[in-house]
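Heads up, the thing below is written out as structure tokens.
Readers should treat all values here as calculations from the given coordinates under stated rules, not as data from a laboratory. Treat the numbers as computed from the prediction; the structure is a model and nothing was measured. Please note: Cβ atoms are built from the backbone with ideal geometry, for glycine as well, and neighbour counts cover all protein chains shown.
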Amino acid sequence: MEHLHFRQLPAGINAIVAIACYSGYNQEDSVIMNQSSIDRGFFRSLFFRSYRYNEEKKMGTLVKEEFGRPNRENTMGMRHGSYDKLDDDGLAPPGTRVSGEDVIIGKTSPIPQDDAQGQASRYSKRDHSTSLRHSESGMVDQVLLTTNADGLRFVKVRMRSVRIPQIGDKFSSRHGQKGTVGMTYTQEDMPWTIEGITPDIIVNPHAIPSRMTIGQLIECIMGKVAAHMGKEGDATPFTDVTVDNISKALHKCGYQMRGFETMYNGHTGRKLTAMIFLGPTYYQRLKHMVDDKIHSRGRGPVQILTRQPAEGRSRDGGLRFGEMERDCMIAHGAAFFLKERLFDQSDAYRVHVCEKCGLIAIANLKKNSFECRGCKNKTDIVQVHIPYACKLLFQELMAMAIAPRMLIHDTKTGKDQKKR
């Protein structure tokens, strides 16, 4: 601990940890956490993110980008976010509260008069500002404005936000027993010992046997002895510290020698049937927090090529309905739901197909004219609904001299049109 400088910058907290099921909200490697401990500052941390931007020279000209607050009257391409947080130098000052899509670095570049045409001629600048990520909020912590080796100015803006533990955040002991918070209970709902101690964290006992992380159990009873005696515990190798020695020392302190304690149910007040293994264990907060991962979407942006929803949280993308999900829906027989997910809510498209040859025809809906150039057909054209990705595949095959022909089924007569 001393050599790792944990006194100056600790990586975690000596939490009181109980190993018990208790309500079942700690199944599958999740943990139950004490909400009252969280309110008192348990694992409260600061999250920093830096935004960096350079002033750049345009290639081949002397036109330079510059920092400053853009003006809507003479700047084109301005963002939807708020520019109110910027000073005249184009930077948000330290201590400014900012939230999703607020602009924190203002930057513009001149528009050459040769390029300005039509409506754009009244603009003299183009916006290149940097805004906060849409899912984040916080406070400007520090701003650094300096010059690089080329003599161009560059700026770093560091954002700060307070992260309070919540359901979905990830924690781990020093023995690889990682888990997310599955439930938080206030102190009155947590189990308590006869001494009035309530645990900060409750871990599921099923996480222990198969993984055989005995080091965590030894750490727990060692921590219990050290806390009672007011000393630092040293269980490094090549010392005479053994499980039996620790157990005897714990027994001398008046506790059950293996670290078990009688506990009472916080909901009912009745004594729990089983003895509960309880003691201090060093727990660490991991960087995987639910605020950085939570994502949902109704409508949103689509890819240009396939016209399917974009991918990823940062692009406000959709949630992929994959092959295994599709197989489940097929097994359930949910045909209409399957069509909705894979077609209506994805990349629905309509094409006009020649009934004679089965190839995609030319259709001008404004003029109400249809034509198949391949077989000179202008009358027997039908409309077909297919995914846009399917239409794209057909066109790519046609580019490789492969003719994908569609067999059109007449829904009125119930007959298939045979194609040559």
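Observations on the structure shown:
- Here the calculated FRET efficiency for Y349 and H80, from their Cβ-Cβ distance with R0 = 51 Å, stands at 0.95, rounded to the nearest 0.05.
- This structure gives mean projected area of the Cα convex hull in nm², computed directly, and of (1) 21.2; (2) 18.4; (3) 35.8 that value is listed as (3).
- Ordering Y349, C328, G318 by Cα displacement along the dipole of the range 297-369 toward the positive end leaves Y349 in first place; charges were set at the Cβ atoms of Lys, Arg (+1) and Asp, Glu (-1).
- Calculated from backbone phi, Karplus (6.51, -1.76, 1.60) coupling profile of the range 169-186 in Hz, x at Gly/Pro: 6, 9, 9, 8, 7, 7, 10, x, 7, 8, x, 9, 6, x, 6, 10, 10, 5
- Using a cut-off of 30 Å between Cα atoms, the listed pairs K64/K293; K339/K367; K356/K391; K339/K376 include K64/K293; K339/K367; K339/K376 as exceeding that distance.
- A DSSP coil position with no more than 10 other Cβ atoms inside 10 Å describes the following chymotrypsin sites (Phe, Trp or Tyr not before Pro) in the range 219-261: F238.
- Taking amide hydrogens as placed 1.01 Å from N in the peptide plane, the amide H of M183 sits under 5 Å from those of V31, M33, each at least 5 positions away in sequence or on another chain.
- Segment S296-F260, extension gain: residue separation times 0.36 nm, minus the distance between their alpha carbons: 8.6 nm
- Sparsely packed loop sites in the range 213-264 (the trypsin sites (Lys or Arg not before Pro) outside DSSP H, G, I, E and B with at most 15 other Cβ atoms within 10 Å) comprise K231, R258.
- If the chain linking S137 and A235 were pulled fully straight, counting 0.36 nm for each residue of separation and taking away their Cα-Cα distance, it would gain 31.0 nm.
- Cα centroid separation, the range 76-105 to the range 193-240 (Å): 49 Å
- Residues whose amide H lies under 5 Å from that of H134, counting only those 5 or more places away or on a different chain, are E101; hydrogens are built 1.01 Å from N in the peptide plane.
- Using a cutoff of 8 angstrom between alpha carbon atoms and counting only pairs six or more residues apart, the relative contact order for the range 218-313 works out to 22 percent.
- Over the residues of the chain, the helix contribution to mean residue ellipticity at 222 nm works out to -4000 deg cm²/dmol, using -39500 (n - 2.57) for each DSSP H run of at least 4.
- Farthest towards the positive end of the charge dipole of the chain, among the residues I294, T273, S30, is the Cα of I294, using unit charges on the Cβ of Lys, Arg, Asp and Glu.
- Of the GluC sites (Glu not before Pro) found in the range 193-273, those in coil by DSSP whose Cβ has at most 15 other Cβ atoms within 10 Å are E195, E232.
- Packing-based exposure ordering (other Cβ within 10 Å, fewest first) of V155, V241: V241, V155
- If you plug the beta carbon distance of R97 and E323 into 1/(1 + (r/R0)^6) with R0 = 45 Å, you get a FRET efficiency near 0.50.
- Taken about its Cα centre, the chain carries a charge dipole of about 1660 debye when Lys and Arg each add +1 at the Cβ and Asp and Glu each add -1 at the Cβ.
- When the P(r) is computed for the range 251-323, the part past 15 Å accounts for 74% of the Cα-Cα pairs.
- Anisotropy class of the range 199-251 from Cα gyration tensor, a/c 1.5 cut: oblate
- Backbone N within the range 333-355 under 19 Å of label point (7 Å from V382 Cα along the Cβ vector): 349-355
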